[in-house]
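In what follows, a single structure is set out as structure tokens and then discussed.
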Amino acid sequence: MRGERSPVKLDLHYVDPRLVALYDLENARGIDTDFYCDLARELDARVIVDLGCGTGVLTRELATGGRRVFGVDPSEAMLAAARGHPGAERVEWIVGDATTLGAVDADLVVMTGNVAQVFLEDHDWIAALQAIRTSLGPGGHLAFESRNPTARGWENWTRDETYERIDSANGPMRCWLDLVTVEPGRVVFEGHNVFENTGEVLVARSELRFRSQAEIDRSLTESGFEVQHVFGDWRRGPMRPSSPVMVFVARRA
Ligand SMILES: C[S@@+](CC[C@H](N)C(=O)[O-])C[C@H]1O[C@@H](n2cnc3c(N)ncnc32)[C@H](O)[C@@H]1O
């Protein structure tokens, strides 16, 4: 229903333990992790919320030096994986969404791995931004990235470009992506996962929202944030039409 907050619907990737087990294999620690760790250090953030923390690769790295770090995610299966890693005991893991924490006086909220794109409807995106604002203390920061629609990265989400064989915890697998539909600002695709030992096939359908830089700027301003930076890569380069990501750093106004 328009205007009402939609219940969180999770893609199969974040629910089926066999697909959750692939997440860290396919999304290894990278320079995005360095970006967020450096930012937390520069801001001297003592209380940090990692919203949509998933398996918690960044969350655990942030939880050092006496910081209080919350890892929040609606997926029990992703959090179960997160809790299984060394260092997990330094994090407060919470099953929930942006509204769960309330006012915790955070210095920094991060949303990484393009979590911003799971909010398909604008009213859900705005509700999440408003809840994040509530979790932040005065002058607190929000940092996140979203894929840049003008770079049209989805054009590579085809079987030819993405096919791989993986040795997973559940035996050898063949995995690939197939694009289903592309409409202005919205992309639907399927992740195909074939378990070679059993022949079982899991097809995980996902939809992502591709908001423009102007749309995200506006939503941040309307939700009580001041946009401080929009970078076009993880080395803090400028935004260009071909930049793969838009990395936003905003401050609670
Ligand atoms: C691509 S993963 C990113 C995980 C992690 N942040 C990373 O960088 O690897 C997206 C995560 O967003 C979570 N998610 C889905 N809907 C959400 C919502 N409404 N609020 C917060 N997180 C959500 C999923 O459960 C999943 O763990």
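No value in this document is a laboratory result; all are computed from the given coordinates. Because the structure is predicted, anything quoted here is derived from the model rather than measured. Methodologically, a virtual Cβ is constructed for each residue, glycine included, from the backbone with ideal geometry; neighbour enumeration extends over all protein chains shown.
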| field | Likely footprinting exposure, I126, I48, fewest C-beta neighbours within 10 Å first | value | I126, I48
| field | Exposure proxy order (Cβ contacts within 10 Å, fewest to most) of L136, L202 | value | L202, L136
| field | Along the chain, longest interval not containing exposed GluC sites (Glu not before Pro), exposed being DSSP loop plus at most 16 other Cβ atoms within 10 Å | value | 5-120
| note | Note: probe point = Cα of S242 + 7 Å toward Cβ; backbone nitrogen < 18 Å; residues of the range 125-158 passing the test are 148-156
| request: Among G232, L19, V57, pick out the residue whose Cα is farthest towards the positive end of the charge dipole of the chain, where Lys and Arg carry +1 and Asp and Glu carry -1 on C-beta, about the Cα centre. | output: G232
| remark: Placing one equal point scatterer on each C-alpha of the chain and summing with Debye, one gets log10 I(q)/I(0) at q = 0.17 Å⁻¹ equal to -1.46
| request: Per DSSP H run of at least 4 residues, take -39500 (n - 2.57); add these up for the chain, divide by its residues and hand me the 222 nm value, nearest 500 deg cm²/dmol. | output: -7000 deg cm²/dmol
| Angle in degrees between helix 122-135 and the longest Cα principal axis of the chain, rounded to the nearest 10 | 50 degrees
| task | Measure nothing fancy, just the Cα-based angle from helix 31-42's long axis to the longest principal axis of the chain, in degrees from 0 to 90, nearest 10. | result | 20 degrees
| note | Place a point 7 Å from the Cα of R5 in the direction of its beta carbon; the residues of the range 101-138 whose amide N falls under 12 Å from it are 101-103, 124-135
| message | Given points 7 Å out from each Cα along the Cα-Cβ axis, report the F195 to Q130 separation in nanometres with one decimal. | response | 4.3 nm
| Taking all pairs of different Cα atoms in the range 151-208, averaging 1/r and flipping that mean, what Kirkwood radius in angstroms comes out? | 12.1 Å
| query | Ranked by Cβ crowding within 10 angstrom, fewest neighbours first, how are S168, S6 ordered? | reply | S6, S168
| message | Output the 0 to 90 degree angle, nearest 10, between the alpha-carbon long axis of helix 213-222 and the longest principal axis computed from the alpha carbons of the chain. | response | 40 degrees
